[in-house]
1. Of all residues in segment 40-60 being more than 14 Å from residue 16 (Cα to Cα) and in contact with a helix residue (DSSP H, G or I) (Cβ under 8 Å, 6 or more places away or on another chain), which is surrounded by the most Cβ atoms within 10 Å (Cβ to Cβ)?
2. Just one of 67, 76 is at pLDDT 95 or above and surrounded by fewer than 16 Cβ atoms within 10 Å (Cβ to Cβ); which is it?
3. Considering only segment 38-48, I want to know if a residue exists there that is under 14 Å from the mean Cα position of the chain (by Cα), more than 21 Å from residue 72 (Cβ to Cβ) and part of a loop (DSSP other than H, G, I, E, B).
4. When segment 20-31 is examined, which residues are found to be surrounded by 14 or more Cβ atoms within 10 Å (Cβ to Cβ) and either in contact (Cβ under 8 Å) with a residue 40 or more places away in the chain or not in a helix (DSSP H, G or I) (or both)?
């Protein structure tokens, strides 16, 4: 089994962010306050995750994480 290039907790957080963003985008005219708050909280967790302090990690890795989750490579993290 191939190992993910990112920590599992980071993949889970990005997956939750992506799911919350999709829910917010498809929300009808109802209250979206809870979704917006969750999205903000997840954004903070993603931005300040200790993984980004690793010397070999650069800005392109943030994009790579989003792509990793978007293409379904983070699927096993979602099921856990």
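The values are calculated or read from the model by the stated rules, or taken from the named source; none is laboratory data. Please read all numbers here as calculations on a predicted model, not as lab measurements. Counting neighbours? That spans all protein chains shown, and the Cβs are built from the backbone with ideal geometry, glycine included.
1. 49
2. The conditions single out 67.
3. Checked against the condition, which is being under 14 Å from the mean Cα position of the chain (by Cα), more than 21 Å from residue 72 (Cβ to Cβ) and part of a loop (DSSP other than H, G, I, E, B), segment 38-48 yields at least one hit.
4. Answer for segment 20-31, where residues must be surrounded by 14 or more Cβ atoms within 10 Å (Cβ to Cβ) and either in contact (Cβ under 8 Å) with a residue 40 or more places away in the chain or not in a helix (DSSP H, G or I) (or both): there is none.
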